[in-house]
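Enquirer: Next up is a structure, given as structure tokens.
The values are calculated or read from the model by the stated rules, or taken from the named source; none is laboratory data. This structure is a prediction, so every number in the text was calculated from the model and none was measured. Neighbour counts run over all protein chains shown; Cβ positions are idealised from the backbone, glycine included. Heads up: the accessible areas ignore ligands, DNA and RNA and are worked out on the full protein's heavy atoms, side chains in. Shrake-Rupley method; radii C 1.70, N 1.55, O 1.52, S 1.80 Å.
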Amino acid sequence: ACRLPWWRSSATCKSWQSGPFLPWDRCQTLSMKGINTTVGQEQQAGMKEEQVLDVEMHLARRDSEALFQEQPETGNQYLEDTLLRSYLKTHLPPKILEEVHQDLEMFGNRLLTKIQPLSWECELNPPVFQQYDAWGRRVDRIHTCSAWRRMKEISAEEGLIAEAYEKRYSNWSRLYQAVKLYLFSSSSGGFSCPLAMTDGAAKVIESLGVPGSLKNAFDCLTSRDPEKFWTSGQWMTERRGGSDVANGTETMARKQPDGTYRLYGFKWFTSAADSDMTLTLARIADAEGQCTQGSRGLSLFFLRVRDEEGKLNSIQVQRLKDKLGTRQMATAELWLHGARAELISAEGRGVAAISNMLNITRIHNVIGAVASMRRMISLSRDYARKRVAFGKLLKDHPLHMQTIARMEVQVRGAFLLLMEIVRLLGLAETNLASEQEQLLLRLLIPVAKLYTGKQASAVAVEAMESFGGQGYMEDTGLPVILRDTLVLSIWEGTTNILSLDVLRSLSKSQGQVMAVFLSTVQKKLELASGAEELSPAVQRTREAIGSLRQFMAATGSEQALTMELAARDFSYSLARIYTGRAMTGITGPWNGLALLMEHAARPDASSTDTCAALRWCNQELCPVAVESGRGSYGGGAALQDSALVFGNSRL
């Protein structure tokens, strides 16, 4: 299944001729046979042939020697992740920490010995679509490999969904689930994607109070029994594509005499098409067949993909999508020809009902982003210990280590932002979150999703480069990580879409969420001001907050266009300030925010923790203020942008 490296492949005469390996032409030398020559010429030819044999034997010996480069490896991901372990030690109550430590260590061993090999099998054996059987009957079967099916069983056994809903550890259950998903993600062979939608579907059903008709579905989605466990899809994107579901959803729902509905329409991008169930949006048709347009016309439906006999629920598979990455997972185009479904939201309240699902899947997106960064840096670090270049190991080249260190600062910030979000979510799910914490969670989910998605692709490209040419070789597995990472800034809302969502959260709360953000940052800075070694970071963060306040005051009366142009830089500013600042508080595990400066202010913090906090704050923390000062959002900026884009093209 894997291609041999070039130095192990057999060479033809043509390749020998064109290559630099031999001082003469093997093919031409062998062609001397059968030509009448003098004795001296024969002796000369014989000597040349002996020399050729000597070179061939030397190359054969080289062929049996060790490879030129050692393969980078990782061990138990949990035990090797010092940041993760120090975070859990700082924040989890001792009794909970003792229990989860044992489980995570065992899970780390299972990932290394059992799950990682399955991941590569999933990559080598992507799903195959069979539209017809041998006798011409339409069957629409999606065949997945045994490793993919085993991933589903493992997900149930490890409680990767169940853990969040059993609430064994009260408000820490959601954080513990996120930690397991973080460890699982880079070894999941793409199965983390259906788990995201499964978690989201369970959250929606839970938010509806688990009505009787959905109790079996909820039990299956949150089961630890591999025979019972279900995964869910999330069918929202239609022919027009994109995030504009309010104007792009054409699927129609017709009510039946028994109270159920039949769905008719085309779903253009359905991830995890082999799932057991799905949630989907559709417009309910009235007696005349008319539907309400816009978001007010959308309702949320539950449907089983197949019946008890395994037959599709009046669904036809048009084709599997040919994607850049996440090839391990079946993503399909589907026709709904009267698929039986159940209305689970209030009529016309589908977007509001599915928002819980989107919040969960966006958090899973953050988990995948942080996990991919951690995996690439772990491999880069191990490679630096083994690879010799220019007479010394890569780890002894200062510039190489500087490059990896800069990536490490990014992944540390992203990890702690992730932990902060799932900590807040755990409080909200157990009714322990204050109103301020709930507002903060609403703001941070889109901020973290958009920012870590960009971080992940940048880190993946940089880390790939740290392997030199080997990073570009398909059979190293490194291009797989890069391809799968690139979807993270697109799926569940692109960077621009989520930046506008951040603005909506500010507007919807009438400024409350921003007031909470700024006051929380300010309080933590006051708590951190006593740590002398962090004073440069504290000062830079205070300056960034001041710049952010000035920007908001200056744009308070500006037109909507100004804020739209600033939306991306504004969201980046929130992410950088919160990640650098929230670690400033020296607080207990029950009420402290947990980002870079706070982590560095722990009593047992290392100099590395302090260095990471300082370096994070060395970057531009408030880019929106800088760009505003340059006139990037002024009245003529939009026209200038259009002129730059279309100036050299014929419209």
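Enquirer: Can you pull the accessible area of Lys152 for me, 1.4 Å probe, Å² to the nearest 10?
Expert: 50
Enquirer: Let me ask something else. In straight Cα distance, which lysines are under 18 Å from Lys321, not counting same-chain residues fewer than 8 positions off?
Expert: Qualifying lysines at Cα under 18 Å: Lys267.
Enquirer: For segment 502-650, give the magnitude of the charge dipole about the Cα centre (Cβ charges: +1 Lys/Arg, -1 Asp/Glu; no others), in debye to the nearest 20.
Expert: 300
Enquirer: Treating only the Cβ atoms of Lys and Arg (+1) and Asp and Glu (-1) as charged, compute the dipole magnitude of segment 117-158 about its Cα centre; round to the nearest 20 debye.
Expert: Around 280 debye, computed over segment 117-158.
Enquirer: Further question: Calculate the dipole size of the chain relative to its Cα centre from +1 charges on Lys and Arg beta carbons and -1 charges on Asp and Glu beta carbons; express the result in debye to the nearest 20.
Expert: The calculation lands at about 740 debye.
Enquirer: Using a 1.4 angstrom probe with every protein chain in place, what is the largest-first accessible-area order of Trp135, Trp491?
Expert: Result of the area sort, largest leading: Trp135, Trp491.
Enquirer: For segment 77-222, report the % of Cα-Cα distances exceeding 18 Å.
Expert: Roughly 63 percent, once rounded to a whole number.
Enquirer: Å³ per residue of the Cα convex hull, for segment 232-349?
Expert: 103
Enquirer: Rg and Dmax in Å for segment 289-384, alpha carbons only: what are they?
Expert: When restricted to Cα atoms, segment 289-384 yields Rg and Dmax of 19.3, 65 Å.
Enquirer: Just one of (i) 221; (ii) 229; (iii) 206 is volume of the Cα convex hull per residue in Å³ calculated from these coordinates, so which is it?
Expert: It is the value labelled (ii).
Enquirer: While we're here: Contour minus end-to-end for Ala515 and Asp475, with contour as 0.36 nm per residue of separation and end-to-end as the Cα-Cα distance?
Expert: Difference between extended and current length: 9.4 nm.
Enquirer: Using a Förster radius of 60 Å, what is the FRET efficiency between Glu98 and Ala554 based on their Cβ-Cβ separation? Nearest 0.05, please.
Expert: That pair, Glu98 with Ala554, gives E of 0.70.
Enquirer: Keeping all protein chains in place, calculate the accessible area per residue for the chain (probe 1.4 angstrom), answer in Å².
Expert: Roughly 47 Å² per residue, with all protein chains present.
Enquirer: Next question. Computed FRET efficiency, Cβ-Cβ of His143 and Ala346, R0 41 Å: what is it to the nearest 0.05?
Expert: In this case the efficiency is close to 0.60.
Enquirer: May I pose another question? How far is it, in nm, from the label point at Arg254 to the one at Phe129 when both lie 7 Å from their Cα along the line to the Cβ?
Expert: It is 2.5 nm.
Enquirer: For Lys152, list the lysines whose Cα falls under 17 Å from its own Cα; do not include residues on the same chain fewer than 8 positions away.
Expert: Excluding near neighbours in sequence, the set is Lys114, Lys180, Lys228.
Enquirer: Okay, next question. Consider a paramagnetic label point 7 Å from the Cα of Arg85 along Cα→Cβ; state which residues of segment 168-197 have an amide N under 19 Å from it.
Expert: Hits in segment 168-197 for Arg85 at 19 Å: 176, 179-184.
Enquirer: Which value, in Å² rounded to 10, gives the accessible area of Tyr169 with a 1.4 Å probe and all protein chains present?
Expert: 20
Enquirer: May I ask you to list the aspartates and glutamates whose Cα is less than 19 Å away from that of Lys89, ignoring any residue fewer than eight positions away on the same chain?
Expert: Reachable aspartates and glutamates: Glu80, Asp81, Glu98, Glu99, Asp103, Glu105, Glu420, Glu598, Asp604, Asp609.
Enquirer: Measure off 7 Å from each Cα along the Cα-to-Cβ vector at Gln436 and Glu70, then give the distance between these two points in nanometres to one decimal.
Expert: 5.2
Enquirer: Largest first and to the nearest Å, give the Cα extent of segment 355-480 along each principal axis.
Expert: Computed over segment 355-480, the largest-to-smallest principal extents equal 59, 27, 19 Å.
Enquirer: Considering just Cα atoms, how many Å³ per residue does the convex hull of segment 201-288 enclose?
Expert: Spread over its residues, the Cα hull of segment 201-288 gives 127 Å³ apiece.
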